[in-house]
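Trainee: Provided herewith is a single structure, encoded as C-alpha cells, for subsequent inquiry.
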Amino acid sequence: MLIEYFGDSVIKDDLDSRDLPKGYTNLQYQADAVVEGFSKLMKHNGFILADVVGLGKTIVASRIIKRYIAKNGYNTKVLIIYPNALEANWKNTIKDFN
C-alpha cells in the first residue's frame, strides 16, 4: 500500500539490502527503523519495537537480530516474545533470515 501511495520513494537501492533474503523488498522506512533500532539496542541494551499492523515489524526485528548476532557472535542468545497467533510467521521469517 505504501508503494502504491508514495511510489518508488519508499524502496531503497539494492546496495543496502545485503541482509535481506530473496523475495523481500528493502523499504526505506524499514531500513531506517533497523538503523535506529540497532542503535537503541546497543546504547540502552534493549528497546521496544512498536508500530501499526502490517508495516513489517517482524522483518525489522529480524534484520536487527541478524546484525546483533553478527556483531556479538553466532552463539549469542536472543529472546523473542510474540503472540501465539504469529508463531508460524515468526518462525518462517527467522528461518528466511538464517
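Trainee: For a quick check of your reading of the model, give me the residue pairs whose first member lies in the range 42-56 and is touching a residue at least 40 places away in the same chain (Cβ under 8 Å), whose second is assigned to a loop (DSSP other than H, G, I, E, B), with beta-carbon atoms closer than 7 Å and at least 6 apart or on different chains.
Mentor: Listed pairs, sorted by first residue: none to list.
Trainee: Also: So, residue 77, is that one part of a loop (DSSP other than H, G, I, E, B) and basic (Lys, Arg) or not?
Mentor: Numbers: part of a loop (DSSP other than H, G, I, E, B): yes; basic (Lys, Arg): yes.
Here the answer is yes, as residue 77 does meet what is asked.
Trainee: Of all residues in the range 59-74, which are assigned to a loop (DSSP other than H, G, I, E, B) and small (Gly, Ala, Ser)? Explain how you work it out, then say what you get.
Mentor: Taking the range 59-74 and keeping what is assigned to a loop (DSSP other than H, G, I, E, B), we get 73-74.
Correct list: 73 only.
Trainee: Output the number of residues of the range 64-98 satisfying the condition of being on the phi > 0 side of the Ramachandran plot and in contact with a Ser or Thr (Cβ under 9 Å, 6 or more places away or on another chain). Walk me through it before giving the result.
Mentor: Taking the range 64-98 and keeping what is on the phi > 0 side of the Ramachandran plot, we get 73, 98.
Next, only the ones that are in contact with a Ser or Thr (Cβ under 9 Å, 6 or more places away or on another chain) stay: none.
Residues that pass the stated criteria total 0.
Trainee: Among the residues of the range 53-72, count how many are surrounded by 15 or more Cβ atoms within 10 Å (Cβ to Cβ), of a type in the set (Val, Ile, Thr) and over 11 Å from the mean Cα position of the chain (by Cα).
Mentor: Qualifying residue count for the region: 1.
Trainee: For the range 32-63, give me each residue that is farther than 22 Å from residue 21 by Cα and of a type in the set (Phe, Trp, Tyr).
Mentor: 47
Trainee: Now for a different question. What are the pairs, 6+ residues apart or on separate chains, where a residue within the range 73-85 that is free of Cβ contacts under 8 Å to residues at least 24 places away in the same chain and surrounded by 10 or more Cβ atoms within 10 Å (Cβ to Cβ) has its Cβ under 8 Å from a residue that is outside any loop (DSSP other than H, G, I, E, B) and hydroxyl-bearing (Ser, Thr, Tyr)?
Mentor: Pairs that qualify, where the first residue is free of Cβ contacts under 8 Å to residues at least 24 places away in the same chain and surrounded by 10 or more Cβ atoms within 10 Å (Cβ to Cβ) and the partner is outside any loop (DSSP other than H, G, I, E, B) and hydroxyl-bearing (Ser, Thr, Tyr), are 76/68; 78/68.
Trainee: Right, here's the next one. Considering only the range 40-58, I want to know if a residue exists there that is among the hydrophobic types (A, V, I, L, M, F, W, C), at pLDDT 85 or above and part of a helix (DSSP H, G or I).
Mentor: For the range 40-58, residues among the hydrophobic types (A, V, I, L, M, F, W, C), at pLDDT 85 or above and part of a helix (DSSP H, G or I): present.
The values are calculated or read from the model by the stated rules, or taken from the named source; none is laboratory data. Bear in mind that the values here come from a model prediction, so they are computed numbers and not experimental data. Neighbour counts run over all protein chains shown; Cβ positions are idealised from the backbone, glycine included.
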